[in-house]
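Asker: Sharing a structure below in structure tokens format, with a few things to ask.
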Amino acid sequence: MEQRTIERSGQRASVIGLGTWQLGADWGDVREEDALAVLGAAADAGVTFFDTADVYGDGRSEQLIGRFLRERPDAGLTVATKMGRRVDLDPALYTLENFRAWTDRSRRNLGVDRLDLVQLHCPPPAVYGSDVVFDALDTLVEEERIAAYGVSVETCAEALAAIARPGTATVQIILNPFRLKPVTEVLPAAVEAGVGIIARVPLASGLLSGKYTADTQFADNDHRNFNRNGEAFDQGETFAGVDFATGVEAAQEFAALVPEGATPAQTALRWIVQQPGVTTVIPGARDPEQARANADAAALAPLDDTTLTAVQDLYDRRIRAQVHHRW
């Protein structure tokens, strides 16, 4: 699989990575053996970038990846985690002391001496303007607790603020055919600064798989059930902020654009991979077959101009009014 370099850190990442939120919590239950099978299938398919967070299952996702690292020490993985969401979103809590404690916990969970990449996990807006916070992150690098740091953001404005910080190696942002604003507002700035872009929620929480109907039901402990209107965290993390019924209709239209031999999900991933400035995209997977299918998207031919124009038109007609002004 193609590997791309994060210019500011020199780290490499497969163009298709693996998001592991679903291996911890908030997507229904996943058994440990099934989670490890997903990690193994992804690695065997050429995925070298895993993304997790200390709050995914309160550390369960990190611990599962840690076990996998012990069992597959030669897999050549880069593991990105996140911190800051195990406490109230209070800028006063973003201190060096807390950063040390949080990263020490993640190092224990993952079983590593130094974390590859730590991202502030959608921090409060005031954090982006705090020299103290970014000085603390620099200190973590100097102390070799972490190799590099980035920021996972909700909005384009937050992404640009993070990119402006000279120590920021990566920005993680929602990007998919239903969330186009970052293409023009963030990606060019990231390219110019040498900041890697990690694209998350690439399938709009599964909408872009084309498998859902207006009657699809999700488990009580699945965020696609309990966070549709932002009840638990930012609404943009669930279906990319798109109303479910609207998203289902738009996804059916997107499915008509899929090239022969590809699935809607693979087409969405291919669209993301070919956006200039994207380093890696991190779809989740509930089983090994999904992990392999996601990885196969890297081998698809680039989408042609007709398809790219149709994606833009679909967004403009059905989605823009819901999401463009918010994120």
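Asker: Could you sort Ser9, Ser152 by accessible area so the largest value comes first, with the probe set to 1.4 Å?
Answerer: Largest accessible area first, the list is Ser9, Ser152.
Asker: Can you work out the accessible area per residue across the range 230-322, with the rest of the protein chains kept in place, probe 1.4 Å, in square angstrom?
Answerer: Per-residue accessible area for the range 230-322 comes out at 43 Å².
Asker: As a test, work out the antiparallel percent of DSSP beta bridges whose residues both lie in the chain, rounded to the nearest 5.
Answerer: The antiparallel fraction comes to roughly 15 percent.
Asker: Have a look at Asp287, Asp135, Asp74 and tell me which one the Gaussian network model of the chain (Cα, springs below 10 Å) gives the largest fluctuation.
Answerer: Evaluated over the chain, the most mobile residue of the options is Asp74.
Asker: Rounded to the nearest percent, how much of the accessible area of the range 15-108 (1.4 Å probe, protein heavy atoms only) is carbon and sulfur?
Answerer: So the carbon and sulfur contribution to the accessible surface is 44 percent.
Asker: What whole-number value in Å² describes the accessible area per residue of the range 1-102 for a 1.4 Å probe?
Answerer: Solvent-accessible surface per residue comes out at 42 Å².
Asker: Related question: Out of residues 5 or more away from Leu175 or on other chains, whose amide H comes under 5 Å of its own, with H placed 1.01 Å from N in the peptide plane?
Answerer: So Leu175 has HN proximity to Arg200.
Asker: Additional query: Across the range 169-313, how large is the tail of the calculated P(r) beyond 25 Å, expressed as a percent of all Cα pairs?
Answerer: Result for the distance tail: 26 percent.
Asker: Sticking with the crude label model, points 7 Å out along Cα→Cβ, report the distance from Arg108 to Asp74 in nm, one decimal please.
Answerer: Rounded to a tenth, the inter-label distance reads 3.2 nm.
Asker: Place a point 7 Å from the Cα of Asp243 along the Cα-to-Cβ direction; which residues of the range 286-327 have their backbone N under 19 Å from it?
Answerer: Counting backbone N atoms under 19 Å from the label point, the list is 314-327.
Asker: Starting from the 7 Å offset along Cα-to-Cβ, what nm value, one decimal, do you get for the label separation of Leu96 and Ala214?
Answerer: 5.8
Asker: Rounded, prolate or oblate, given the Cα gyration tensor of the range 12-54, with a/c below 1.5 counting as rounded?
Answerer: Judged from the Cα gyration tensor, the range 12-54 comes out oblate (a/c at least 1.5, b/c at or above a/b).
Asker: Amide H to amide H, which residues 5 or more places from Gly196 or on other chains are under 5 Å from it, using H placed in the peptide plane?
Answerer: Placed amide hydrogens put Glu7, Arg8, Thr170, Val171 under 5 Å from Gly196.
Asker: Could you tell me the center-to-center distance, by alpha carbons, between the range 116-184 and the range 252-326 in angstrom?
Answerer: 24
Asker: Just to check I understand the Karplus step: with θ = phi - 60° and J = 6.51 cos²θ - 1.76 cosθ + 1.60, what whole-Hz values come out for the range 222-228, glycine and proline as x?
Answerer: Calculated HN-Hα couplings, in order: 9, 4, 6, 9, 9, 10, 4 Hz.
Asker: Additional query: In the range 1-63, which trypsin sites (Lys or Arg not before Pro) fall in coil by DSSP and have 12 or fewer other Cβ atoms within 10 Å?
Answerer: Here the trypsin sites (Lys or Arg not before Pro) that fit, given the DSSP loop and packing criteria, are Arg31.
Asker: Please identify the GluC sites (Glu not before Pro) of the range 252-292 that satisfy two criteria: DSSP loop assignment and at most 10 other Cβ atoms within 10 Å. Which are they?
Answerer: Glu260
Asker: Continuing with this model, one more query. Would you please give the residues with an amide H less than 5 Å from that of Asp222, counting only those at least 5 places away or on a separate chain, with H modeled from the backbone geometry?
Answerer: For Asp222, whose amide H was placed from the backbone, the distant partners under 5 Å are Gly28.
Asker: For Cα extents along the principal axes in Å, which listed value, (i) 76, 50, 40; (ii) 52, 41, 38; (iii) 87, 41, 40, comes from the coordinates shown?
Answerer: Here the calculated entry is (ii).
Asker: Okay, next question. From largest accessible area down, sort Lys82, Lys181; use a 1.4 Å probe on the protein chains.
Answerer: So, going from the largest accessible area down, we get Lys181, Lys82.
Asker: Could you work out which residue, out of Thr238, Thr95, Thr155, moves most in a Gaussian network model of the chain, that is, has the largest mean-square fluctuation with Cα springs under 10 Å?
Answerer: So, out of Thr238, Thr95, Thr155, the one fluctuating most is Thr95.
Asker: Report in % the part of the accessible area of the range 265-327 that belongs to carbon and sulfur, leaving out ligands and nucleic acids; probe 1.4 Å.
Answerer: Solvent-exposed carbon and sulfur of the range 265-327 make up 50 percent of the total.
Asker: In addition: Which of Arg292, Arg105, Arg317 moves the most in a Gaussian network model of the chain with Cα springs under 10 Å?
Answerer: Maximum fluctuation in the GNM of the chain, among the listed residues, is at Arg317.
Asker: Taking θ = phi - 60°, what integer Hz values does the Karplus form 6.51 cos²θ - 1.76 cosθ + 1.60 yield along the range 153-160, in sequence order, with x for Gly and Pro?
Answerer: Running phi through 6.51 cos²θ - 1.76 cosθ + 1.60 with θ = phi - 60° gives 10, 9, 10, 5, 4, 5, 4, 5 Hz.
Asker: Return the loop-located GluC sites (Glu not before Pro) in the range 45-153 (DSSP other than H, G, I, E, B) with at most 14 other Cβ atoms within 10 Å of their own Cβ; answer none if there are none.
Answerer: Here the sparse-neighbourhood loop sites are Glu143, Glu144.
The values are calculated or read from the model by the stated rules, or taken from the named source; none is laboratory data. Fair warning: this is a prediction, and the values are worked out from it, not measured in the lab. Glycine also receives a Cβ, built like all others from the backbone with ideal geometry; neighbour counts cover every protein chain displayed. Just the protein is used for accessible areas: all its heavy atoms, side chains included, with ligands, DNA and RNA removed. Shrake-Rupley method; radii C 1.70, N 1.55, O 1.52, S 1.80 Å.
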